[in-house]
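Accompanying notes for the structure given below.
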Amino acid sequence: MPAKKTINNNPLLIVISGPSGVGKDSVLAGLKKNSPNLQFITTLTTRQPRPGEVDGRDYTFVSRKKFNELKDKNELLEYAQVYGNWYGPPKAAVREALQDGKDAILRVDVQGVKNIRKIAPEAVFIFLAPASLTELEKRLKNRYTETPAGLALRLKIARDEMKQVGIFDYVVVNRQGQLDAAVSEIQSIIKAEKCRVKTRQIVL
């Protein structure tokens, strides 16, 4: 296994998480428009692309053999199996971004945050929260993709995830109709992190 390389030019690894329906994709899209120095890390998956999905934009689609090779080489920040398919962000893409002086940002679930914190404790962990569970329920209902049982399960998971906010460094509330404010808050967090006297050192 190659020796770990320390990144010394103060780029950040930013991890965004939060309950389903809170607007993580919308916030990331807003950051893409306004933050040219951010490198978005695309998650690898073994599942087949869905209609409209683009390889390298939505996910990076790989074979199960390739995914297992990366897993065995410890080249994934974390990984999980969902409905028979594997998902995980690659370390190589993060290293490349950091070595280019760019801040790497990725989206994972709360369980993934726990795993990444063990590997990269100096990352910046941001929890994206709804203004309330009532508002989150309205958002999920408006997607028209959930059965009553599915909606109840997602809300239960959301309650459990919100109890784990203590493992994060920051909380940003994404209020309905105020997406720009949430994006601006995350940009302010990144700016503040750049002003730290003791810089974060990412080692992968």
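Before moving on, here are some points about what is shown:
- Comparison of Leu136, Leu140, Leu98 shows that the only residue that is outside the structural domain of Pro36 (by TED's automatic domain parsing) and surrounded by 18 or more Cβ atoms within 10 Å (Cβ to Cβ) is Leu98.
- Helices (runs of 4 or more DSSP H) fully within segment 92-166 that include at least 3 residues being over 27 Å from Gln178 (Cα atoms) and at pLDDT 90 or above: 110-119.
- Checking the stated criteria, Thr42 turns out not to satisfy the condition of being in contact (Cβ under 8 Å) with a residue 24 or more places away in the chain, more than 13 Å from the chain's Cα centre (by Cα) and either assigned by TED's automatic domain parsing to the domain that holds Val183 or surrounded by fewer than 20 Cβ atoms within 10 Å (Cβ to Cβ) (or both).
- In the set (1) surrounded by fewer than 19 Cβ atoms within 10 Å (Cβ to Cβ); (2) under 16 Å from Gly30 (Cβ atoms); (3) out of contact with any strand residue (DSSP E or B) (no Cβ under 7 Å at 6 or more places or on another chain); (4) of a type outside the set (Gly, Ala, Ser), the condition left unmet by Arg196 is number (2).
- Cross-chain or 6+ apart pairs with Cβ under 9 Å, segment 61-86 first and closer than 14 Å to Asn115 by Cα, then acidic (Asp, Glu) and outside any helix (DSSP H, G or I): Ala80/Asp109
- When residues of segment 74-84 are limited to those that are touching a strand residue (DSSP E or B) at 6+ places or on another chain (Cβ under 6 Å) and assigned to a strand (DSSP E or B), the one farthest from Leu106 (Cα to Cα): Ala80
- When Ala158, Ala120, Ala131 are checked against the criterion of being exposed (fewer than 14 other Cβ atoms within 10 Å of the Cβ), on the phi < 0 side of the Ramachandran plot and of a type in the set (A, V, I, L, M), a single residue qualifies: Ala131.
- Selection count where residues are among the hydrophobic types (A, V, I, L, M, F, W, C) and outside any helix (DSSP H, G or I), scope segment 13-34: 5
The values are calculated or read from the model by the stated rules, or taken from the named source; none is laboratory data. Predicted model, so just to flag it, every value in this text is computed and none were measured. Every residue, glycine among them, receives a Cβ derived from its backbone with ideal geometry; neighbour counts consider all protein chains shown.
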